[in-house]
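Visitor: Next up is a structure, given as structure tokens.
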Amino acid sequence: MNNLRPVLIKGARVINPSTSLDSQGDILIVDGKILSCEANITPPDDTMLIEANGMVACPGFIDIHTHLREPGREDKETIESGQKAAAKGGFTTITCMPNTEPAIDNAPVAEFINKKAQDSGIISTLLVGAVSKGRQGIELSEMEELANSGVVAFSDDGSPVATGHLMQMALTYSKELLNSLSGNYGLPIIDHCEDYSLTHGLGVHEGWVADRLGLLGYPSAGEEAIVARDIALAELTGGHFHAAHVSSQGSIDLIRQAKLRGIKVTAEVTPHHLTMSEEWVMGIHGESKPSHPLSLKAYDPMAKVSPPLRSIADQKALVSALREGIIDCIATDHAPHTFSDKAQPFDEAAVGISVLETAFGSLMSLVHSGQLELHTLIHRLTLAPIQVLGLSNLGLGNISVGSIADVVLFDPELQWEVNPNDFLSKGKNTPLAGEVLKGKVKLTIAKGRIVFDSENKMLDVRNSFA
Amino acid sequence: MSSNQKITPNRKHVLDLDDFSKSEIDNLLHSATVMKEVLNRDIKKVPSLRGKVILTLFLEASTRTRVSFEEAGKLLSADVINISGSGSSAEKGESLLNTALTLQAMRADLIIIRHPLSGAPYFVARHLDHTSVVNAGDGRHAHPTQGLLDLMTIYEKIGSLNDKKVLIVGDVLHSRVARSNIHGLQAAGAEIIISGPPTLVPLWLQSNDKDSPITYQPNLDVAIQGTDVVMALRLQTERQASGMLPSIREYTRRWQVTENRMVSANNSAIIMHPGPLNEGIEISSSLAHSEVAAINEQVTNGVALRMALLYQLLTFNSESTEELAI
């Protein structure tokens, strides 16, 4: 770290949610830390100067829900390709979910991923451990040993925590565990809330679109039933329940009430649930109606995701809930897949979207359309997720003096067309191919290193700086 | 034909009836009546599609639809090659995409596909550049040629559908026949009523939403009053095992179309069924064999309609339809 050249970002609009800062200024980064953040900084010798007029500088984005596929499905994504994709998307911290093969249900797997993540070393990678051994939903994993290995939360994501009993035990056991990164007690249980008897294998919202396509729908109730169960269990146990990828108005209402009653519940929402609706499965990116003929774009497997894209009313409610803070933060649920996993009839296509590289551009549509303030969006992408994980004391999600120099620089007005072939992720699976987004990450700095520069594609981190 | 006008100008695929206008349907049905005349000849074969290659790719069990397409293609002198699920590369794990690309590479002019998954014909059509795709039934989604032959049968039996009431009874939720018929009947100007178990009718149709063109009436005795056409849908008996129905007995008691119930329909009303019929479940045995049942006429019309459709699709960018007067 000491060999890094200092970096000066000059003339950016600096937004730092933790200090409510939003003003023109410079940021000086030395030895991987923010040395100063004010107007007209005079740089030391040998400083790398970045002219940032018209740009916004803010803390690097933090994703608490990322599927990296290594070990097990390195054809879909590796830790390194995931880190590169994240850096290109403006993320300086990602969080590997435990549905690798084998699952992150024991310390050796956790340590393997930690080592791979450090070897790759582009950005920070946190780990979520499995709630149950093999994610089988029967026995608890060795949670304390996982926590000692640096796991920051538990989840059987990809699947729900299988039974109410297991969720009760997980919430009870995890609240006494020491978070080895923050030194605090209590790790959240992140649940993928889905009642399989109502939903299994269904990638489209129950409603007229599903019926129009002759597909069986996944009703909102399939999510809400488990959200309600988990809230009741969080109240019973005092444990921390975090609802993954919330998608429906009913879930929002349940979470709102739970928070009012002081229950320890937090929630996240994905960029796609905030910006897309069930019509996308028909290949229609906006409103439609039952009498509208289907085109050859219908049954778009790229729009197949779990939970499914819901109604336009749900989509609007999610944006409001995020703005109000009922939903705490944004998380990508980045789910990379191969071409052949997706080149299937809809019911057989893999579930999920490759999100890291389009997240920011698509979310900026909420800012440009006046639905979300820019500083709120940045808060929900930086400070809020790190607070959900109880890691506020690590100096992440923050560009105050002395904190870790994770910084992203973006052009809020720049328009660009999504071309999946340009993705650094191995997963080219996005329904946004060919869409024009407004707002683009220009530069990502992680721990003081430039890890993505839109002009130079990806800098070779190890050769340049090691 | 009275003019050089194309029946289906520039149409490449037939995936559902949702993109058919009334005039396109009318022209096609007119052509089908010409084909029916050919079908009733002593010597039925005509050379219209000589040199054309038609593949039927049936990845779900079917007899009448496959045979109907095959007969239609052969009577028009096309080479018709049948590929079924068993023995095909699908069983060796080849993806549908690769199967379709292979068939296109063999220079098939037209692929007729039946598939257990909704949307599979859209998937195939999206990936093929040269080959026409005809949907012969995809999952719960659509069965457009059934919808067309049903319309042909209705026109023959009762004439125009303007201001006529059509009742669809049964398992609408899982029925591709119902979905395609709804599009066709709407284009023809009919009023549509649905009856059947609430567990087997899509929830949004039951809400009688303003965007929904259809009325749902769970009580068959009420729904059948004053109808001109009664379409009964096939009931898969496994619906009982999967918890969607208390029993076949209770279904039969509440939703079987019987002679007693037909008394409340219009005098000239006909009864239809896409087949195969579970006799004594969807329709009472005596009614199924009575003269108001149009079930066998539906089958004959199916061949004629498919002849008209194949003819149209395989000559769409060549000469006019004049030579249809075969």
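Visitor: Report, to the nearest whole %, how much of the accessible area of chain A belongs to carbon and sulfur atoms, 1.4 Å probe, protein only.
Guide: Exposed carbon and sulfur together represent 50 percent of the surface.
Visitor: For chain B, with a Gaussian network of springs between Cα atoms less than 10 Å apart, report the residue from B:Gln312, B:Gln206, B:Gln256 with the top mean-square fluctuation.
Guide: Result for chain B, Cα springs under 10 Å: B:Gln206 fluctuates most.
Visitor: Round to the nearest 10 and report in Å² the accessible area of A:Trp416, as given by a 1.4 Å probe over the protein chains' heavy atoms.
Guide: About 40 Å², rounded to the nearest 10.
Visitor: Can I ask one more? Could you sort the residues of segment B:95-123 by number and keep only those whose accessible area is reduced by 30 Å² or more in the all-protein-chain setting relative to the chain alone, 1.4 Å probe?
Guide: Those residues are B:Leu97, B:Leu117, B:Ser118, B:Tyr122, B:Phe123.
Visitor: So if I take the centroid of the Cα atoms in segment A:298-320 and the same for segment A:167-243, what is the distance between those two points in Å?
Guide: 18 Å
Visitor: Percent of Cα-Cα pairs more than 38 Å apart in chain A, please.
Guide: More than 38 Å apart: 19 percent of the Cα pairs in chain A.
Visitor: Along its three principal axes, how long is segment A:1-148 when you only count alpha carbons? Whole Å, largest extent first please.
Guide: The Cα atoms of segment A:1-148 stretch 59, 31, 28 Å along their principal axes.
Visitor: Then there is this: On a 31 Å Cα-Cα criterion, which of the cross-link pairs A:Lys259/A:Lys342; A:Lys76/A:Lys438; A:Lys289/B:Lys12; A:Lys259/A:Lys426; A:Lys342/B:Lys12; A:Lys304/B:Lys165 come out too long?
Guide: A:Lys259/A:Lys342; A:Lys259/A:Lys426; A:Lys304/B:Lys165
Visitor: Oh, and also: Could you please state how large a percent of the accessible area of segment B:144-294 is carbon and sulfur, counting protein chains only and using a 1.4 Å probe?
Guide: 46 percent
Visitor: Considering only DSSP beta bridges whose two residues both sit in the protein assembly as shown, what percent are antiparallel, to the nearest 5?
Guide: 35 percent
Visitor: So what is the relative contact order for segment B:144-294, in percent, with contacts set as C-alpha pairs under 8 Å and at least six apart?
Guide: Averaging sequence separation for qualifying contacts and normalising by length gives 24 percent for segment B:144-294.
Visitor: Still on this structure, I have one more. Farthest toward the dipole's positive end in the protein assembly as shown, which of A:Leu372, A:Ala446, B:Gln104, given Cβ charges of +1 (Lys, Arg) and -1 (Asp, Glu) about the Cα centre?
Guide: B:Gln104
Visitor: Once amide H atoms are placed 1.01 Å from N in the peptide plane, what residues at a sequence separation of 5 or more from A:Ala331, or on another chain, have their amide H within under 5 Å of its amide H?
Guide: Correct list: A:Val269, A:Thr270.
Visitor: OK, next. Counting only GluC sites (Glu not before Pro) that sit in a DSSP loop (anything but H, G, I, E, B) with at most 10 other Cβ atoms within 10 Å, what is the longest stretch of chain A containing none of them?
Guide: A:1-286
Visitor: Could you tell me the accessible area of B:Tyr155 in Å² (1.4 Å probe, neighbours in place), rounded to the nearest ten?
Guide: Solvent-accessible area, nearest 10 Å²: 60 Å².
Visitor: Quick one: which bits of segment A:184-226 get at least 20 Å² less accessible when the partner protein chains are in, versus the chain alone, with a 1.4 Å probe?
Guide: A:Glu206, A:Trp208, A:Asp211, A:Arg212, A:Gly214, A:Leu216
Visitor: With no solvent and one point per C-alpha, what does the Debye sum give as log10 I(q)/I(0) for segment B:144-294 at q = 0.08 Å⁻¹?
Guide: Once normalised to I(0) and log-transformed, intensities are -0.19.
Visitor: Which order do B:Asp18, A:Asp422, A:Asp63 take when ranked by solvent-accessible area (1.4 Å probe, heavy atoms of all protein chains), largest first?
Guide: Order by accessible area, largest first: A:Asp422, B:Asp18, A:Asp63.
Visitor: Among DSSP bridges having both ends in chain B, what percentage is antiparallel? Round to the nearest 5.
Guide: Percentage antiparallel, nearest 5: 5.
Visitor: Springs between alpha-carbon pairs under 10 angstrom, Gaussian network model over chain B: which of B:Ala304, B:Ala61, B:Ala72 fluctuates most?
Guide: It is B:Ala61.
Visitor: With just the Cα atoms defining each centre, how far is segment B:46-74 from segment A:345-387? Give it in Å.
Guide: Using only Cα atoms, the two centres lie 49 Å from each other.
Visitor: To continue, here is another question. Tally Lys/Arg at +1 and Asp/Glu at -1 over every other residue whose Cβ is under 9 Å from the Cβ of B:Lys165; what's the total?
Guide: -2
Visitor: Restricting the count to DSSP beta bridges whose residues both fall in segment A:60-394, what percent are antiparallel, rounded to a multiple of 5?
Guide: Bridges in segment A:60-394 that DSSP calls antiparallel: roughly 10 percent.
Visitor: Kindly report the accessible area of segment A:60-394 per residue (heavy atoms of protein chains, probe 1.4 Å, no ligands, DNA or RNA), in Å².
Guide: 31 Å²
Visitor: Moving on. Ratio of Rg to Rh for the protein assembly as shown, alpha carbon only, Kirkwood?
Guide: 1.05
Visitor: How big is the charge dipole of segment B:240-316 about its Cα centre, in debye rounded to the nearest 20, if each Lys and Arg gets +1 on its Cβ and each Asp and Glu gets -1 on its Cβ?
Guide: 200 debye
Visitor: Toward the positive end of the charge dipole of segment B:144-294, about the Cα centre and with charges on Cβ (Lys, Arg +1; Asp, Glu -1), which of B:His183, B:Thr145, B:Ser247 goes farthest?
Guide: Going by the charge dipole, the pick is B:Ser247.
Visitor: Sorted by accessible area with a 1.4 angstrom probe, largest first, how do B:Met152, B:Met106 fall?
Guide: B:Met106, B:Met152
Visitor: Quick check: with the 1.4 Å probe, what order do B:Arg107, B:Arg176, A:Arg135 take by accessible area, largest first?
Guide: Largest accessible area first, the list is B:Arg107, A:Arg135, B:Arg176.
Visitor: Next up: On the full set of protein chains, 1.4 Å probe, figure out the accessible area of A:Thr47 and give it in Å² to the nearest 10.
Guide: Estimated to the nearest 10 Å², A:Thr47 gives 30 Å².
Visitor: Before anything else, pin down the relative contact order of chain A: Cα pairs under 8 Å, at least 6 apart, normalised by residue count, whole percent.
Guide: Reported as a whole number, the value is 19 percent.
Visitor: For the interface of A with B, what's the total buried accessible surface in square angstrom, probe 1.4 angstrom, rounded to the nearest hundred?
Guide: The summed interface area works out to 2100 Å².
The values are calculated or read from the model by the stated rules, or taken from the named source; none is laboratory data. Values in this document were obtained by computation on a predicted structure and should not be read as measured data. Positions of Cβ are generated from backbone atoms using ideal geometry, with glycine treated the same way; all protein chains shown enter the neighbour counts. What goes into the accessible areas is simple: the full protein's heavy atoms, side chains included, and nothing from ligands, DNA or RNA. Shrake-Rupley method; radii C 1.70, N 1.55, O 1.52, S 1.80 Å.
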